[in-house]
Amino acid sequence: MFKLLVFVVSVMFTAPVRGSAAESATASNSTPGSFRIATFDVDATPPIGSMMAYDPVTNRWDLGLRARGIVLLGAGEPIVLCAVDWIGIANAGHDAFREALAQAAGTSPQRVAVHSLHQHDAPDCDFSAERILKEAGVDARQYEGGFQREVLSNLTAAVREALPRAQPVTQLGLGEARVEKVASNRRILGPDGKVRDTRWTATTDPKVRAEPEGVIDPMVSLVSFWNGEKPVAVLSYYATHPQSYYRTGIPNPDFPGIARFFRQLAVPAALPVHFNGAGGNITAGKYNDGAPTNRVVLAERLADGMRRAWENTKRQPITASEVHWSIEPLALPPAKHLAIEKLEAQLKAHDTNFITSGDVSKLAWLRRCQAGHKIDVTCLRLGRARILHLPGETFVEYQLAAKAAQPGLFVAVAGYGDYAPFYIGTAISYEEGGYETSPSASNVAPEVEGVLMAAIKKLMLAP
């Protein structure tokens, strides 16, 4: 506890149009000084008695869940970035969030990016799954969307109220630093190239924890927006599963939320908005045996990386003409093991396993795929910075590929957009086995790599 108090005190004084690659019309309708930012922030903590992803809420914690973000104004239609402390927002739920925020901001849904942070003691959101269960006369359980719609209503009100208070953006800040002893690859391969062990978020086996970190992205990236000498918002990006321990019945933002809180104490003028990167195959398992005390240890380490990235931040002038939004709508290939006839039969029979698992969300995903639904992968360009927005629990290799495509630029990646695909592995990972690419965990086929990598490359290399 003393270490935590010392850390908090120390950081308080530390400062430093729909279509393929659719492009915003920025330079033609922007004028000097027209680039502005509005911030919004609402409580997203479910009430006692409601269902989270795994368990009902039994109590509250000092730190609740947040839904917060920014609206960028003056560079064509407004651009909205939103991060929510929930396990996932999928299918029609994700559509609803984009559409409502777009309406509130006066923009189109294609210029809205909504991401969850994937904490596990947190709500789920899938209005498609909810509708399927209710139409079948079945309890919607974790997909009951009353509270989620309430949060969405509060979010839209917050956005509308924020717009008149938008502040000029005169400078963009970019900084990054290595985070020590947090992330590790969860897939441990044996001599045969197959997954031998899985390093879960909490790994009790010391031999598995002792394995090398493996392929990760150790960097935390910070993008800050400044009005003169005043920071208005700080966006942070770091790739890992965000759990230290869970199934407590108490909604909490886990260690990334605590790290975010520390940074808000350190830089109170700016709204901190944290995004989970492409961390589908990344956990803190090497450094976490599940002891509750590790939550603050991991939070301190992530916050320390954020602090050093803040101190490393370099500021540069920016105008609306340097802000661009690109879109690649993708039809991701559904997993071949998903049989819609079988899922429909389980629904009709009110199969208990189907109802209590995530299979209903898989059925919703398949129905949408068959209807021709596409997922938008988007990229926000801010001067020499690129911010890529990806769906699902994307493997870190996609994030590393985005950075490799533009090694001379500043690249940040947000994962966990539309949660419907669940895990999105690389092609070879489906041959390696392991939980993440198993039929229970991944809703896409190995061919997803070719589709997604092509889109990433196109977005990152756009002039």
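Read-outs throughout are calculated quantities, based only on the coordinates presented, and are distinct from any laboratory measurement. No experiment lies behind these values; they were computed from the predicted model shown. Every residue, glycine as well, gets a Cβ built from its backbone with ideal geometry; the counts of neighbours run over all protein chains shown.
Dividing the mean sequence gap of close Cα pairs (under 8 Å, 6+ apart) by how many residues the stretch 91-150 holds gives a relative contact order of 31 percent. Taking a cut-off of 14 Å between Cα atoms, list the aspartates and glutamates near residue 286, but don't count ones fewer than 8 places away on the same chain. Straight-distance partners of residue 286: 180, 197, 205, 211, 213.
A simple count of charges around residue 172, restricted to other residues whose Cβ falls under 15 Å of its Cβ and scoring Lys, Arg +1 and Asp, Glu -1, yields +4. Please identify the trypsin sites (Lys or Arg not before Pro) of the stretch 291-348 that satisfy two criteria: DSSP loop assignment and at most 14 other Cβ atoms within 10 Å. Which are they? The qualifying sites are 336. Simple rule: put +1 on each Lys or Arg Cβ and -1 on each Asp or Glu Cβ in the stretch 289-441, find the dipole, and look at 316, 372, 329; the Cα lying farthest toward the positive end is 316. When the GluC sites (Glu not before Pro) in the stretch 412-463 are filtered for DSSP coil states and for at most 16 other beta-carbon atoms within 10 Å of their beta-carbon, the remaining sites are 447.
Put in line by how crowded their Cβ is, counting other Cβ atoms within 10 Å and starting with the fewest, 95, 376 read 95, 376.
Put a plus charge on the Cβ of each Lys and Arg, a minus charge on the Cβ of each Asp and Glu, and nothing anywhere else: the dipole of the stretch 151-197 about its Cα centre is then about 140 debye. Normalised by residue number, the volume inside the convex hull of the Cα atoms of the stretch 379-452 is 80 Å³ per residue. Dipole magnitude for the chain: computed about the Cα centre from +1 point charges on Lys and Arg Cβ and -1 point charges on Asp and Glu Cβ, it is near 980 debye. Among the lysines of the stretch 297-372, pairs at least eight places apart or on separate chains and with Cα atoms under 29 Å apart come to 4. Towards the positive end of the charge dipole of the stretch 77-161, with charges on Cβ (+1 Lys, Arg; -1 Asp, Glu), say which of 113, 93, 142 has the farthest Cα. The one lying farthest along the dipole's positive direction is 113.
Here's the picture: charge each Lys and Arg Cβ at +1 and each Asp and Glu Cβ at -1 in the chain, and of 361, 35, 48 the one pushed furthest to the positive end of that dipole is 35.
When +1 charges are put on Lys and Arg Cβ atoms and -1 charges on Asp and Glu Cβ atoms, the dipole computed for the stretch 339-463 relative to its Cα centre reaches about 680 debye.
For each of 126, 139, count neighbouring Cβ atoms within 10 Å of the residue's Cβ, then give the residues from fewest to most.
Fewest to most other Cβ atoms nearby, the residues stand as 139, 126.
Restricting the calculation to Cα atoms, every distinct pair contributes to the Kirkwood radius of the stretch 109-204, found to be 18.9 Å. Note on the stretch 190-301: Cα Rg divided by 2.2 N^0.38 Å, N the number of residues, gives 1.24. From least to most packed, judged by other beta carbons within 10 angstrom and beginning with the fewest, 153, 184 follow the order 153, 184.
Counting only DSSP beta bridges with both residues in the chain, tell me the antiparallel percent, nearest 5.
Here the share of antiparallel DSSP bridges comes out near 70 percent.
With only the Cα atoms considered, the stretch 326-415 has a convex hull volume of 106 Å³ per residue.
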